[in-house]
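Notes follow once the structure below has been shown.
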Amino acid sequence: MIKNLNQMKKALKPGTRFQITAHCRPECVGQLREITVANTQGFYSGMAGEPDHPVSRSNGGRGSVLWWSKAPFWDFSDGICSLYNSDAERTEKYLILAFRVLEKEAA
């Protein structure tokens, strides 16, 4: 279970999947995403198994981007990673995105 920003950065590598549990745009809740690119600045994700989806095609085919931000803007609890646009108030009003990293399927 991810407990801090450093652990999350290590876990989110290309091919890792996550499910959005809350989002500032309600239409994104429930989406299953897959990391396409991860670097020192953030990560890109597309719709898992849907390469032609507009989200997957954005940013030159890398998908939607999320910058890491600093640790005070994140909350990690019960397996959910949540990013807020406030480092002081972690309420729905300030929520940008919350997601659960999914376990890799056995090959």
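In a reduced charge model with +1 at each Lys and Arg Cβ and -1 at each Asp and Glu Cβ, region 5-101 shows a dipole moment near 300 debye about its Cα centre. Other residues whose C-beta falls under 12 angstrom from the C-beta of ASP87 contribute a net charge of 0, scoring Lys and Arg +1 and Asp and Glu -1. Note on the chain: dipole from Cβ charges, positive end direction compared against HIS23, ASN59, SER77; the farthest Cα belongs to ASN59. The count of lysine pairs in the chain that are at least 8 places apart or cross chains, and whose C-alpha atoms lie under 20 Å apart, stands at 10.
Where a number appears in this text, it was derived from the coordinates with a stated rule and is not lab data. Small disclaimer: the values here were computed from a predicted structure and weren't measured. Positions of Cβ are generated from backbone atoms using ideal geometry, with glycine treated the same way; all protein chains shown enter the neighbour counts.
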